[in-house]
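Written out below as structure tokens is the structure these notes cover.
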Amino acid sequence: RKRARIRCQPAGQAPCCDKLYTCRLCHDNNEDHQLDRFKVKEVQCINCEKIQRAQQTCEECSTLFGEYYCSVCHLFDKDKKQYHCENCGICRIGPKEDYFHCLKCNLCLAVNLQGKHKCIENVSRQDCPICLEDIHTSRIVARVLPCGHLLHKTCYEDMLKEGYRCPLCMHSALDMSRHWRQLDDEVAQTPMPSEYQNMTVDILCNDCNGRSTVQFHILGMKCNICESYNTTQAGRYKISLDQQ
């Protein structure tokens, strides 16, 4: 009986061009079209060079093609606790018990987000709003913002270097309560000139979507509903009658 040799990823035969590639990304980088991983039917063993149907072990020399193999995605890899999600239609890094599939978001999420995230229908089928690249099939982990939108983790980290708001809906992307309290102190210590002290303005809050009429201040206008300073002006300035 033959013993399985050391793991050696095979070269898959691309049905689109009949060329052999060990990686679909290498194929896409070298060709003018993309490889449909689900249509791959045959692979070539790197050791004995036998072309055969896609499977986990070489039928000729018993080389192990991958500790993990998915017969749907035709993915050969080291064991990273992967699992194939039927609803996502692709393989995900596990372990499986640490994730659940949200049917509305159409995405696998960490179990600690179950019942604690804002659902947006088919959110994973949208491109990352920062790099404009696909999120659903990306090899980069996605970050779920409090508003429910998704960003690549690397894009999220870059975004925080420039600001704190979701690029799609302008909702705060992290807990800003401590910063708002600091801003309270700065506003209190920076009185406006007398001609502006009775000036008010209508604002719209990007965090709670509420509308308020508040006193104008150059450092920021605080939402009367949720106490966020993530607001935008929604009307003209107003001055009380005794100041006109």
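A compact table of results
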read-out: Residue list for segment 80-107, filter: over 15 Å from Ile135 (Cα atoms) and in a strand (DSSP E or B); value: Tyr83, His84, Cys85, Tyr99, Phe100, His101, Cys102
read-out: Count of residues meeting criterion [outside any loop (DSSP other than H, G, I, E, B) and in contact with a Leu (Cβ under 8 Å, 6 or more places away or on another chain)] in segment 46-62; value: 1
read-out: Criterion violated by Arg37 - all others in (1) under 25 Å from Ser124 (Cα atoms); (2) in contact with an Asp or Glu (Cβ under 6 Å, 6 or more places away or on another chain) satisfied; value: (2)
read-out: Subset of segment 1-28 (residues that are at pLDDT 85 or above, of a type in the set (S, T, N, Q) and within 30 Å of the chain's Cα centre (by Cα)); value: Thr22
read-out: Within segment 165-213, tally of residues that are outside any loop (DSSP other than H, G, I, E, B), out of contact with any strand residue (DSSP E or B) (no Cβ under 6 Å at 6 or more places or on another chain) and of a type in the set (A, V, I, L, M); value: 3
read-out: Top-ranked residue of segment 141-165 - restricted to ones that are open to solvent by 60 Å² or more (accessible area, probe 1.4 Å) and touching a Lys or Arg at 6+ places or on another chain (Cβ under 6 Å), ranked as farthest from Cys108 (Cα to Cα); value: Lys153
read-out: Residues that are of a type outside the set (D, E, K, R) and not in a strand (DSSP E or B), drawn from segment 63-79; value: Phe65, Gly66, Ser71, Val72, Cys73, His74
read-out: Residue tally, condition within 19 Å of Tyr83 (Cα to Cα), open to solvent by less than 40 Å² (accessible area, probe 1.4 Å) and either assigned to a loop (DSSP other than H, G, I, E, B) or in contact (Cβ under 8 Å) with a residue 60 or more places away in the chain (or both), over segment 108-139; value: 3
read-out: Any chance Cys155 is part of a helix (DSSP H, G or I), free of Cβ contacts under 8 Å to residues at least 60 places away in the same chain, under 15 Å from the mean Cα position of the chain (by Cα) and under 25 Å from Thr232 (Cβ atoms); value: yes
read-out: In segment 4-48, the residues that are loosely packed, with under 13 Cβ neighbours inside 10 Å and under 19 Å from Asp77 (Cα atoms); value: Ile6, Leu25, Cys26, Asp36, Phe38, Lys39, Lys41
read-out: Flag for Gly220 being small (Gly, Ala, Ser) and touching a helix residue (DSSP H, G or I) at 6+ places or on another chain (Cβ under 7 Å); value: yes
read-out: Cβ-Cβ under 9 Å pairs, at least 6 apart or on other chains, segment 189-211 side open to solvent by 90 Å² or more (accessible area, probe 1.4 Å), far side among the charged types (D, E, K, R) and part of a strand (DSSP E or B); value: Arg211/Asp202
read-out: Matching option when the condition is out of contact with any Pro (no Cβ under 8 Å at 6 or more places or on another chain) and open to solvent by less than 20 Å² (accessible area, probe 1.4 Å), among Cys88, Cys58, Cys169; value: Cys88
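The values are calculated or read from the model by the stated rules, or taken from the named source; none is laboratory data. Fair warning: this is a prediction, and the values are worked out from it, not measured in the lab. Here the Cβ is made from the backbone with ideal geometry for all residues, glycine too, and neighbour counts use every protein chain on show. Just so you know, the surface numbers come from the protein's heavy atoms only, side chains and all, with ligands and any DNA or RNA stripped out. Shrake-Rupley method; radii C 1.70, N 1.55, O 1.52, S 1.80 Å.
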